[in-house]
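Quick note: the coordinates plus some simple rules give every number you see, no bench work behind them. Keep in mind it's a predicted model, so treat the numbers as computed, not measured. Cβ placement follows ideal geometry from the backbone for every residue including glycine, while neighbour counts extend to all protein chains displayed.
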Amino acid sequence: MKTTIVSVLAVIGAVSAFGNLQAADAGLDADDRARYGSPVGDVPVDREIRVDADTKTVTVWRLEIIRFVTPDGRTFQYRFDDTRPNVFALARIAPPGISVPAGTTVYVRQKIPIAP
């Protein structure tokens, strides 16, 4: 019985923490968003990724520049220049005023150098 109660409390805590993380995403400032890379202006991109309500995950490479296109056609570009692999909600890097689908997770992968 104790194990069941502890397990239920752990699940409730995890769900609560996830909800708090999503709520905190909306209030990020530019310094927080820059933790994962940097927003870029009108520059050539490596790829364009369209996200919609069905988009659950997006995988990008370190140093890649991506143009994200939202369901309402708005766009933003981001360069993933963090030095470590990372996993975070897409909402963490979306500029203020641009809505992205809730629950979309970004996976940043490191490029593996190929020996000559």
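List of remarks:
- Put in line by how crowded their Cβ is, counting other Cβ atoms within 10 Å and starting with the fewest, L63, L90 read L63, L90.
- Compared with the alpha-carbon gap, the fully stretched path from V69 to S99 is longer by 9.8 nm at 0.36 nm per residue.
- Amide H contacts of L63 (H built 1.01 Å from N, in plane; Pro and chain starts excluded): F80, D81, D82 sit under 5 Å, all sequence-distant by 5 or more or on other chains.
- Ranking of F76, F68 by count of other Cβ atoms within 10 Å, fewest first: F76, F68
- Label sites at S38 and R109, each approximated as a point 7 angstrom past Cα along Cα to Cβ, lie 2.5 nm apart.
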